[in-house]
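Below is one structure, written out as structure tokens; comments come after it.
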């Protein structure tokens, strides 16, 4: 088990170490869960739908992708389908998600 040094230890004092907790099991499947939620949505221009899409994009952007994920291309296609082009903030957010996933996962882009 790995240990983490506790910040705030005084100089000269022995450093205290606390065990680092393992991530909860649901965190490793976070991408799949978020992807499934996004893929279950249907295009809807209501305020509540826009809010839900916005929150899902934020969660996907903040997700830890060190262990890989699922079908990223399907997720990105669905994300683009859900965003009305007249919603500038969501267009910006989906662009941020695309950029983040391509860079973080080092995905090849083919035309």
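Just want to confirm a number: the relative contact order over the stretch 25-104, from Cα pairs under 8 angstrom separated by 6+ residues, in percent.
Details: 54 pairs, mean separation 30.8, N = 80.
The normalised contact order for the stretch 25-104 reaches 38 percent.
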* To do: Provide, for q = 0.17, 0.19, 0.22 Å⁻¹, the log10 of I(q)/I(0) from a solvent-free Debye sum over equal Cα point scatterers in the stretch 25-104.
  => -0.60, -0.76, -1.01
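We did not get these values from a lab; they are worked out from the coordinates using the rules stated. Being a predicted model, the structure only gives us computed values, none of them experimental.
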